[in-house]
Amino acid sequence: MPAKGATTTAAAVPVERREAVRIDDVSLRYGAVEALAGVSLSVSSGEVVALVGPSGCGKSTLLDLVCGLLEPTGGRVVSEPAVLMPQRDSLLPWLSALDNAALPLRLQGANKDSARREAGPLLDRLGLAGF
């Protein structure tokens, strides 16, 4: 059921849609804390969805599940490759997206060129090449 005030808009030109994210009866617990319970959602490719709610209601947890950063305690999450840009300042603004993605490899001792070669295909796969 859409939230109060939610709107939907149909595309002017029919577009073939494929399911990009499927969340079936997902739950997630952190010890005794139930962060998510019985969440189901389907999102088509090209569809824009906004998660709105108060702090602590599970928005970031749900996004972490979609991006594969967490595994659900129950239920199932199937998603095309997805990325998440957290609200905290984790990137170095003076570096390109490629150099930010390669940074963990550089910190592990890889040289700049090999770290960029390894990180590059990941950005390509996620549609972020050239940023």
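The values are calculated or read from the model by the stated rules, or taken from the named source; none is laboratory data. As the structure is a computational prediction, the values presented were derived from the model and not from experiment. Note: ideal-geometry Cβ built from the backbone for every residue, glycine included; neighbour counts use all protein chains shown. Areas reflect the complete protein model, heavy atoms only, side chains present, ligands, DNA and RNA absent. Shrake-Rupley method; radii C 1.70, N 1.55, O 1.52, S 1.80 Å.
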Discussion item. Consider segment 13-52. How many of its residues are assigned to a loop (DSSP other than H, G, I, E, B) and on the phi > 0 side of the Ramachandran plot?
Written reply: 2
Practice prompt. Evaluate the following for G75: is it closer than 30 Å to L36 by Cα and surrounded by 12 or more Cβ atoms within 10 Å (Cβ to Cβ)?
Written response: yes
Worksheet entry | Residue list for segment 85-126, restricted to those being assigned to a loop (DSSP other than H, G, I, E, B) and over 27 Å from V21 (Cβ atoms) | L92, P93, W94, L95, S96, Q108, G109, A110, N111
Discussion item. Suppose we filter segment 104-119 for residues that are surrounded by 15 or more Cβ atoms within 10 Å (Cβ to Cβ) and more than 21 Å from D64 (Cα to Cα); how many remain?
Written reply: 5
Worksheet item: Any idea how many residues of segment 5-36 are at pLDDT 90 or above and over 22 Å from A82 (Cβ atoms)?
Response: 5
Practice prompt. Name the residue, out of A129, A82, that is open to solvent by 40 Å² or more (accessible area, probe 1.4 Å) and under 26 Å from A20 (Cβ atoms).
Written response: A129
